[in-house]
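Here's the structure we're looking at; comments come further down.
The values are calculated or read from the model by the stated rules, or taken from the named source; none is laboratory data. Every value quoted in this text rests on a predicted model; they were computed, and no experiment measured them. As a convention, Cβ positions derive from the backbone with ideal geometry for all residues, glycine included, and neighbour counts pool all protein chains shown. Remember, those area values only see protein heavy atoms, side chains included, never the ligands or the DNA or RNA. Shrake-Rupley method; radii C 1.70, N 1.55, O 1.52, S 1.80 Å.
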Amino acid sequence: MTLTPQNLIFIDFEASGLGPNSWPIEVGVAWIENDTVEKWSSLIRPEPNWNENAWSSQSASIHKIQREELRSAPSAADVASDLLHRIHGKHVVSDAVAHDHWWAELLLEPLGFQPPPFASIEKVITAVCKGNSALTHHVHTQLNGTPRPHRAGPDAARLAEAILLAMKLRAEN
């Protein structure tokens, strides 16, 4: 995998909960453009067939998205279409591959699409650092020391910032 800023996109979801019936309520992506991080995110209006009982007040207290906000959000189909356009031809990177891929599958399924495989942020950091363990450790430390806003766009941007740092530091070495 050739890792360039142009072929990477970072993804994050916020969800109704973490259980097996949970569904996505917000998706965010970030990418590196001209040595800066750009981001896009959208709330998601739930599909009628998504299990209402999967709404977790505990999850809501973390991401601070209220169930009522989703009533006026874009439809899941519109968000899925926009997301497909943004990730097309990119290596999709996540810090929670299993969960994020599951929610991407649920979001894209009605359009008849499967998301591409997702790469873990850990593997991408290691690849960008090209085996330099000190650099890899430094980037992981920076990433882990950056607070998670628990909103999809800023959380995706946090991952992109880590890779941008790794690319800049690698170029200096």
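Please report the spacing between the Cα centers of region 5-83 and region 110-173 in Å, no decimals.
19 Å
Which whole-Hz couplings ³J(HN,Hα) result when phi for each residue of region 124-129 is put into the Karplus expression 6.51 cos²θ - 1.76 cosθ + 1.60, θ = phi - 60°, listed in order with x for Gly and Pro?
5, 4, 4, 5, 5, 7
Nothing charged except the Cβ atoms of Lys and Arg (+1) and of Asp and Glu (-1): what's the magnitude of the dipole of the chain about its Cα centre? Round to the nearest 20 debye.
380 debye
Using Cα atoms only, what is the angle between the long axis of helix 97-108 and the major principal axis of the chain, expressed in degrees (0 to 90) to the nearest 10?
50 degrees
Can you list residues from other chains, or at least 5 along the same chain, whose modelled amide H is less than 5 Å from the amide H of Ala119?
Those lying under 5 Å, H to H, from Ala119 are Val92, Val93, Ser94.
Using amide H atoms built in the peptide plane, which far-off residues or other-chain residues are under 5 Å from Trp23 H to H?
Ser16, Gly17
Pick from Ser61, Ser16, Ser120: which residue has the top mean-square fluctuation in a GNM of the chain where Cα pairs under 10 Å get a spring?
Ser61
Which order do Leu135, Leu169, Leu111 take by accessible area at a 1.4 Å probe, largest first?
Leu111, Leu169, Leu135
So in the chain, what percent of DSSP beta bridges are antiparallel if you round to the nearest 5?
If I count the DSSP bridges inside the chain, around 65 percent turn out antiparallel.
Give the angle, between 0 and 90 degrees and rounded to the nearest 10, that separates the Cα long axis of helix 133-145 from the longest principal axis of the Cα atoms of the chain.
Here the helix axis deviates by roughly 40 degrees.
Averaged per residue, what accessible area in Å² does the chain show with a 1.4 Å probe, protein chains only?
Heavy-atom SASA per residue in the chain reads 51 Å².
For region 147-161, what does the Karplus curve 6.51 cos²θ - 1.76 cosθ + 1.60, with θ = phi - 60°, yield as ³J(HN,Hα) per residue in whole Hz, taken in order and with x for Gly and Pro?
Per residue, the Karplus-derived 3J(HN,Hα) values read x, 8, x, 6, 10, 4, x, x, 5, 5, 5, 4, 5, 4, 4 Hz.
Got a sec? What order do Asp35, Asp100 fall in by accessible area at 1.4 Å, biggest, i.e. largest, first?
From most accessible down to least: Asp35, Asp100.
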